[in-house]
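To start, the structure itself, in structure tokens.
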Amino acid sequence: MGTIAIRGATTVEENNSKSIISNTIELLKEIERKNNLDKEKVISILFSSTRDLNKEYPAKAARVIGYKNAALMCFNEMEVLDNLKKCIRVMVLYDSSIGQNSVKHVYLKEAKNLRPDLNK
């Protein structure tokens, strides 16, 4: 078995716990669906959020939907002028025999603008 990295991002409407959790759950479930993930094979998930999101840890959403054994960690996104606001990014490290070129990355809402090449 090998390890693959699956990337994704979304934006949230408001800086509050409900919006951060619900949008992160939506992103994680879409990553699961598109990549046919088994939660037990998820090694870790790294979350970053823009500085304007500080009312909740996005990693809490992963625990809510059953990621009990994966290592989870949250970071602030590097601040860049004119960057996308209210954005949560994830990188899922997954134990898999498929190649990295088979991964389906997921970008939702305004985050689609981050990787238009992946949203055709």
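Where a number appears in this text, it was derived from the coordinates with a stated rule and is not lab data. Only a predicted model underlies this, so the values are computations on that prediction, with no experimental measurement involved. Using ideal geometry, Cβ is built from the backbone for each residue, glycine included, and neighbour counts are taken over all protein chains shown.
At a glance:
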{"item": "Dipole magnitude (debye, nearest 20) for segment 1-40, charges at Cβ of Lys, Arg, Asp, Glu", "result": "80"}
{"item": "Asp52 paired with Ile65, simple spin-label distance in nm, labels 7 Å along Cα-to-beta-carbon", "result": "2.4"}
{"item": "Sequence-distant lysines (8 or more away, or on other chains) whose Cα lies within less than 16 Å of Lys34", "result": "Lys104, Lys112, Lys120"}
{"item": "Spin-label pair Val80/Asn113, simplified geometry with 7 Å Cα→Cβ offset, distance in nm", "result": "1.3"}
